[in-house]
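**Q** Dropping a structure here in structure tokens format, bear with me for questions.
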Amino acid sequence: MPPSFATCPFCGLLCDDLVVTPGPAGLLAAGGACERARVEFSALGAASPSPRVRGRAAGLDEALDEAARLLGAARRPAIGGLDVDVGAMRAILPLAQRLGAVIDHSGSFAKYRNLHVVQESGLITTTFAEVRNRADVVVLVGDGWTKRFPRFVERMLVPAPVFAGDGGRRFVLLNPADRSALPADAECLELAVPMAELPVLAGTLAALAAGRPVSLDRAVTALGGSASDGLAERLARCVDWLREARYGVLVWSAADLEFPHAELAVQALARMLRVLNEKTRFAGLPLAGVDGDLTANAVQTWRAGLPLPASYANGTVDFDPHRHALPGRLARGECDLLLWVSNLGTKPVPVVDGVPTIVLGRADRTFDAAPDVYLPVATPGVDAPGHLLRGDKVITLFLKPVRSGSLPTAAAMIEALAARLEPATC
Amino acid sequence: MSGLRLSLRARPPARVDGSALLPEKLQGQTLDAIRRIALPGWNEFHEVGELFEVSGEATDRLQIDQLDGSFDRLGALATAGTLVLRGQAGDLVGEGLRGASIEIEGAAGDYLGCGMRRGRIEVRGNAGHFAGSGRAGELQGMSGGTLLVRGDVGDRAADRMRRGLLLVEGDAGDYLASRMLAGTVVLLGRAAGNAGYLMRRGTVVLDQRPAQMLPTFNANGRQDLLAIQLLLRSLGGEGPRFSRLAARAGGFERWLGDLAASGQGELLVSF
Amino acid sequence: MLTRIAGGRVIDPANGVNDVIRDLYVRDGVIVDAPRDGERIDRTIDAAGMIVMAGAIDLHTHIGGGKVNIARALLPEFDRLDPMPAHGVCEPCTGGAAPSTLATGYRYAAMGYTACFEPAMLPVNARQAHMEMGDTPIVDKGAYALLGNDDFFLQLLASGAEQREIDDYVAWTLHATQAAGIKVVNAGGISAFKFNARSLDVDGEHPHYRVTPRQVLGALTRAIDGLGVPHPLHVHGSNLGVPGNADSTLATIDAAEGRRIHLTHLQFHSYGTEGDRKFSSAAQRIAEKVNASPNVSVDVGQILFGQTVTCSGDSMMQHRNARHARPAKWVVMDIECDAGCGVVPFRYRDRDFVNALQWAIGLELFLLVRDPWRVFLTTDHPNGGPFWSYPHLIKLLMDRSFRNEVLSRLHPEAATSSTLASLEREYSLYEIAIMTRAAPARILGLADRGHLGPGAAADIVVYEPHSDPEVQFTAPRYVFKDGTVVAERGEIKAVTAGSIHVVKPEFDRGIERKLDDWFRRHHTQSLASFKISDEEVCVCGRAPKLVTHACTHRG
Ligand SMILES: [Zn+2]
């Protein structure tokens, strides 16, 4: 019998060629598993959690009762984390509306860099298989393509682009990144401009791609280079490559762009893509799907018509990244309860003095400060079935459990909580 | 003092939408009726009388005192009358303003005058980020009226601005006039980094040369620009610092950009 | 429980019933024969004086899938203008240019629609499409899978594969994606755009595969007939929106060589190049051809004035039309060697010549295509306008003086450049019932929907008659979905879950060997990951059941 493959839920690539088996120290991920997958499966395999109330092991009923009591007492609850699968999100949203909660994903700030651009200018994008089969020029921003997406190069950039003609594939690295992550024989142009200068670099490339008269000397100075380091020539060559591409792809990962107003740099790049597409084909690939960010947003967007962060206060739904972003709401002391749901990752839960916290979290998660209630839940693709959106936004994959566990799903846990709440009065 | 006066006496537990507190809506109502107006908070409504001392008489002038930043959208969509805000006025003051006058004797939060179309807002202190811009997810910022900030503005002032006038006596943060579509900005203080980023059209008058000009703006020589001189002269009434600029400015160093966008905007540095 | 809907004026064209007063009986969600004497009737709904029809069916409405969700995220400014606060049994959500799934379900049901078909489900995006449809409450759903621009199909065609193999691939796609039909969008053109072609005529060669749209249409119409899929090949033609595209549309009909073909949003494909502005109505030419071709059915894709957002798989034409975007923001995507998408907001303005003429062309088509069994009421929601403008559209069809009064307020040349003002036809209620109920059910092969005979699902709408059809059709007195009263006078009373409709023609599974190899060499997921099982689709689609409709081999 051929091996039954597992799909890895731990990054946006959703590699579906893993073989996961029980081992002595947890789950053993092999097949296509990358280092991160091995670590995550192994950590989950070893865990045998129990619900906890203020750090003390408790029975499931006791923990649910306490969580329901806290939820019932809250006037201004916030729901955060949301690195979850579709099923969990489908359960969370009706609860959010019932509680009048403010709801946000832990990675909203990164994701919002792209959403801003979509909403305020638009974007031309592509997906993994197009990159694999078509891309003859690949421009890589930052280093998330190797750091956050371990098998991106192997799966999308190493296979020959069969529709690209005979020229093969060329690479441009805009920011410092590990050149050795790319195929050794690949033609590669490195601009290596510091990430903080991306706005100027992106604007310069957009202007040059449009054939506008930009002084390369001034651009080089603005980018912190000098007349002798060849940056001017490399900028010019980069623009030639962009225009010569038959099907170019520009890859970035919004989480990398950690400088203020990074969405403007993305917008400049989006502008460049528009210009290039007047003559040839060139598409963006905003790599995402880390920690379920695309999934949480997609479900919220289709059900409510508006993305995250959102407020369900007062029986309405409102989208405002400025007012409803969870870190701000918490920092201003506006929330009186935090419900943190994350069945995929183990990001730290914000600790706010005097704000009771309920965590529906992965089985292996630990805490610096014990939350009021911790309810361990199944991880989709490990203990339970689930669905996640892949990092190119179009494909949703089914996550088949690799073992039969006894942990309830986040969705089931939320429904159990909701059932314990007083019936809605309206 | 004439008009209606609200003085904040209780801090709400979470931000409150104050957009119902418009002179045009309250005018002519009894104080008791005004005390019973419910303002939406987070899963609760707060009666005006619970939060504010209410006094005076509801005319076309409304003054709100002791503000602490916990009210959003004060003066939003106002079409007429005068709203005087004292203290920390909160975010989104004068959002989508359509004609009234808002005077802030204190500071304003983020998104001051965002999407305003007509009317006038004057801030004695500083304003936060995105003054004169537009709401997140929308294409256009302020599209008319006058927004005057005596202090500093934060980042992204006049972002996506489409028409109207933004006057700033103090300094501006990063990305002044980012993605500006049209309209006029006059800045007397210094602009921080990347002024004019992705600017498409419009005019930004700078009394001081920014530390660095984006390489996607090209110098277009020194110009007299009569229209700008006239504009500056017309600003005499906005205060002595504007009239001094009008008197002093012999001409302008003109920079055109942003070439990363359609490149028809101008940054004018006075000399 | 047995319910009687008593004394209504029943209009049920599928069973030849036109305005006959009779009782309907419903048991366990199904319409049943009149009970024997003495049998207990648990509940009687008095429908005396009211009009009773089957639940309406929208056979072309973009309600789910990635492009619709992009449109939702793209345009928060219109959602903010159309909030839907929590109300009764309804959760808070928003309408706007691209409404949320909750708003979609609530508004369709409130209006008496009980089944909706998503016409552009990308096979690689099928799970998400089913999920979005699953979160669209109350109404039944089905979807057409997109083929004809995917590299597997094009290379199959280019390599001269036998029709049998193409049939197998089409059938395999229907199974793997849980679809109710097959649609082709700008045959070959979406793929050609990835090779930097900017247009592709019906007889133009694809720049890489060297096949023509005509060949694509030929192979797919043959496959649909060969497999006996009830719904004809659903075709979004070449050159959408381009003046002069009527020639492409006529060529598309010819490409079917008499086999069944459904031309969707025909309005966008009925343009000539006459007049000073080089933009004219070709509705008459097109309608004549449709009238003379019994193998052809159409839906109109009427435009209505106001803000909308166009969501299309046609990345080639959407990219070309993006310069007209209002607000000026848009998204175009190339998708996974499968298809593409383009999301471009538009504002149709009544004082704009082109928009006004588009409006007139749509109505000309409605009125000039004679057989109401072959022309369907759509706005290509949300592309031409939101589905909640259907009552207004019905009034335009039923009331000539209203129609001409609206026409008189538009850009004046819309009237002079079209025949609309001279068209006297007014649709009857019976014809409206055909085009919104009986005919869509028939053309989709839904044996148990779209009629009121015993055995049909109890999807029933009871209208209070009104002299203004717009009022009558906006808020029916009662809407039953599978026997449950889900709406009364426009207000949702119960939120139920609809079924998923699919077809599963027989085929030779040997095709999977070839596909498996293709997936390994080109795709970024495995064949096994791609396929959606019956069990899984019911989870995705939150469906109490999967309804499989029969395929009967034709031709
Ligand atoms: Zn359509």
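**Q** Determine if region A:250-264 includes at least one residue that is open to solvent by less than 20 Å² (accessible area, probe 1.4 Å), touching a strand residue (DSSP E or B) at 6+ places or on another chain (Cβ under 6 Å) and within 8 Å of another protein chain (Cβ to nearest Cβ).
**A** no
For (1) under 21 Å from C:Pro137 (Cβ atoms); (2) within 12 Å of chain A (Cβ to nearest Cβ); (3) open to solvent by 10 Å² or more (accessible area, probe 1.4 Å), each residue gets a yes or a no:
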| position | (1), (2), (3) |
| --- | --- |
| C:Arg9 | no, no, yes |
| C:Asp23 | no, no, yes |
| C:Arg27 | no, no, yes |
| C:Met50 | no, no, yes |
| C:Met53 | no, no, no |
| C:His60 | yes, no, no |
| C:Asp79 | yes, yes, no |
| C:Ala86 | yes, yes, yes |
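**Q** Hey, another quick one. Hey, any hits in region C:178-191 for a residue that's open to solvent by less than 10 Å² (accessible area, probe 1.4 Å) and either over 25 Å from the mean Cα position of the chain (by Cα) or among the acidic types (Asp, Glu) (or both)?
**A** No: zero hits.
**Q** Provide a single number: the residues in region A:18-38 that are part of a loop (DSSP other than H, G, I, E, B) and buried (at least 18 other Cβ atoms within 10 Å of the Cβ).
**A** Residues of region A:18-38 that are part of a loop (DSSP other than H, G, I, E, B), as a first pass: A:24-25, A:32-34.
This time we only want the ones that are buried (at least 18 other Cβ atoms within 10 Å of the Cβ), so: A:32-34.
Of the residues in region A:18-38, 3 are part of a loop (DSSP other than H, G, I, E, B) and buried (at least 18 other Cβ atoms within 10 Å of the Cβ).
**Q** In addition: Please state which one of A:Ala419, A:Ala411, A:Ala313, A:Ala384 is free of Cβ contacts under 8 Å to residues at least 40 places away in the same chain and either within 14 Å of chain C (Cβ to nearest Cβ) or of a type in the set (D, E, K, R) (or both). Steps first, please.
**A** Numbers: A:Ala419 fails: either within 14 Å of chain C (Cβ to nearest Cβ) or of a type in the set (D, E, K, R) (or both); A:Ala411 fails: free of Cβ contacts under 8 Å to residues at least 40 places away in the same chain; A:Ala313 fails: free of Cβ contacts under 8 Å to residues at least 40 places away in the same chain.
None of the others qualify; the one that does is A:Ala384.
**Q** Moving on to the next point. List the pairs whose first member sits in region C:102-126 and is within 14 Å of chain A (Cβ to nearest Cβ), whose second member is in a helix (DSSP H, G or I) and among the polar types (S, T, N, Q), and whose Cβ atoms are under 8 Å apart, counting only residues at least 6 apart or on separate chains?
**A** Close Cβ pairs satisfying both conditions: C:Met121/C:Thr177; C:Pro123/C:Thr173; C:Pro123/C:Thr177; C:Ala126/C:Thr177.
**Q** Does region C:287-302 contain at least one residue that is charged (D, E, K, R), more than 14 Å from every other protein chain (Cβ to nearest Cβ), within 16 Å of the ligand (Cβ to nearest atom) and not in a loop (DSSP other than H, G, I, E, B)? Even if it seems obvious, please write down each step before you answer.
**A** Within region C:287-302, the first condition is being charged (D, E, K, R), and the residues that meet it are C:288-289, C:299.
Okay, now just the ones that are also more than 14 Å from every other protein chain (Cβ to nearest Cβ), so C:288-289, C:299.
Still in the list and also within 16 Å of the ligand (Cβ to nearest atom): C:299.
With not in a loop (DSSP other than H, G, I, E, B) added as a condition, the list becomes C:299.
There is at least one residue in region C:287-302 that is charged (D, E, K, R), more than 14 Å from every other protein chain (Cβ to nearest Cβ), within 16 Å of the ligand (Cβ to nearest atom) and not in a loop (DSSP other than H, G, I, E, B).
**Q** Give the residue that is farthest from the ligand (Cβ to nearest atom), with candidates limited to residues of region C:62-77 that are away from chain B (no Cβ under 14 Å) and more than 19 Å from C:Val139 (Cβ to Cβ).
**A** The qualifying residue farthest from the ligand (Cβ to nearest atom) is C:Gly66.
**Q** Working carefully through the options C:Arg326, C:Arg370, C:Arg351, find the one that is within 14 Å of chain A (Cβ to nearest Cβ), outside any helix (DSSP H, G or I) and away from the ligand (no atom under 16 Å from the Cβ).
**A** Matching residue, one of C:Arg326, C:Arg370, C:Arg351: C:Arg326.
**Q** Here's another thing I want to ask about it. Considering (1) at negative phi; (2) open to solvent by less than 40 Å² (accessible area, probe 1.4 Å), say which one B:Gly263 fails and leave the rest.
**A** Condition not satisfied by B:Gly263: (1).
Residue by residue, here is whether (1) in the same structural domain as A:Ala91 (by TED's automatic domain parsing); (2) assigned to a loop (DSSP other than H, G, I, E, B); (3) closer than 24 Å to A:Arg69 by Cβ; (4) open to solvent by 10 Å² or more (accessible area, probe 1.4 Å) holds:
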| site | (1), (2), (3), (4) |
| --- | --- |
| A:Thr301 | yes, no, no, no |
| A:Leu306 | yes, yes, no, no |
| A:Pro327 | yes, no, no, yes |
| A:Leu330 | yes, no, yes, yes |
| A:Gly333 | yes, yes, yes, yes |
| A:Leu338 | yes, no, yes, no |
| A:Val351 | yes, yes, yes, yes |
| A:Val355 | yes, yes, yes, yes |
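**Q** Ok, one more. Give region A:366-381 a look and list any residue that's in contact (Cβ under 8 Å) with a residue 40 or more places away in the chain and either part of a strand (DSSP E or B) or charged (D, E, K, R) (or both), or say none.
**A** Those that are in contact (Cβ under 8 Å) with a residue 40 or more places away in the chain and either part of a strand (DSSP E or B) or charged (D, E, K, R) (or both): A:Asp372, A:Val373, A:Tyr374, A:Leu375, A:Pro376, A:Pro380.
**Q** Sticking with this structure for a sec: Look at region A:324-364 and say how many of its residues are among the charged types (D, E, K, R) and either under 25 Å from A:Arg148 (Cβ atoms) or more than 12 Å from chain B (Cβ to nearest Cβ) (or both).
**A** Applying the first criterion (among the charged types (D, E, K, R)) to region A:324-364 yields A:329, A:332, A:334, A:336, A:347, A:353, A:362, A:364.
Next, only the ones that are either under 25 Å from A:Arg148 (Cβ atoms) or more than 12 Å from chain B (Cβ to nearest Cβ) (or both) stay: A:347, A:353, A:362, A:364.
The total comes to 4.
**Q** Just one of B:Gly90, B:Gly3, B:Gly41 is of a type in the set (Gly, Ala, Ser), under 18 Å from B:Gly125 (Cβ atoms) and open to solvent by less than 30 Å² (accessible area, probe 1.4 Å); which is it?
**A** Numbers: B:Gly3 fails: under 18 Å from B:Gly125 (Cβ atoms); B:Gly41 fails: under 18 Å from B:Gly125 (Cβ atoms).
That would be B:Gly90, the only listed residue that is of a type in the set (Gly, Ala, Ser), under 18 Å from B:Gly125 (Cβ atoms) and open to solvent by less than 30 Å² (accessible area, probe 1.4 Å).
**Q** Right, here's the next one. Filter region C:108-122 down to the residues that are in a strand (DSSP E or B) and either of a type in the set (Gly, Ala, Ser) or away from the ligand (no atom under 16 Å from the Cβ) (or both) and list them by number.
**A** Restricting attention to region C:108-122, the residues satisfying the condition of being in a strand (DSSP E or B) are C:113-121.
Residues satisfying the conditions are C:Tyr113, C:Thr114, C:Ala115, C:Ala120.
**Q** Would you mind telling me which numbered condition in (1) without any contact (Cβ under 8 Å) to a residue 40 or more places away in the chain; (2) in contact with a helix residue (DSSP H, G or I) (Cβ under 9 Å, 6 or more places away or on another chain); (3) not in a strand (DSSP E or B) C:Val332 fails?
**A** Failing condition for C:Val332: (3).
The values are calculated or read from the model by the stated rules, or taken from the named source; none is laboratory data. Just so we're clear, the structure is a prediction, and the values are computed from it rather than from any experiment. Note that each Cβ is placed from the backbone with ideal geometry, even for glycine, and that neighbours are counted across all protein chains shown. To get the accessible areas, we keep the full protein, side chains included, count just its heavy atoms, and leave off ligands, DNA and RNA. Shrake-Rupley method; radii C 1.70, N 1.55, O 1.52, S 1.80 Å.
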